[in-house]
């Protein structure tokens, strides 16, 4: 039984549980999804951030690591994984939720996208 304390046994159970979830997401979902898309001649993109699995592993399986929002640190999760894994493309839903629906101006979009414009 798990205790609310941070004893070693509880920590091991939590670690094992998280390891199983990680493996299930990587092997039984993401790799299978990639295989399915590949059999149809399609590239696969995925927003792996926030997953209970290893983000680098999940981004490594897909063709195009994708992020969302305008948080530059989160964008670096996807771009770093792409660089480490030799992926030439990265995508971002950078301007999807700037304001309420249909209230964003082109200036709002430009301001959000300028966060991702830096010299390479």
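The values are calculated or read from the model by the stated rules, or taken from the named source; none is laboratory data. Just so you know, these numbers come straight off a predicted model, no measurement behind them. Cβ coordinates were reconstructed from backbone atoms using ideal geometry, including for glycine residues, and neighbour counts include every protein chain displayed.
A few comments on the model shown:
- Any hit, the range 9-30, residues being within 30 Å of residue 113 (Cα to Cα) and within 16 Å of the chain's Cα centre (by Cα): yes
- Just so you know, in the range 45-64 the residues that are modelled with pLDDT of 90 or more and touching a strand residue (DSSP E or B) at 6+ places or on another chain (Cβ under 7 Å) include one that is nearest to residue 19 (Cα to Cα), and it is 58.
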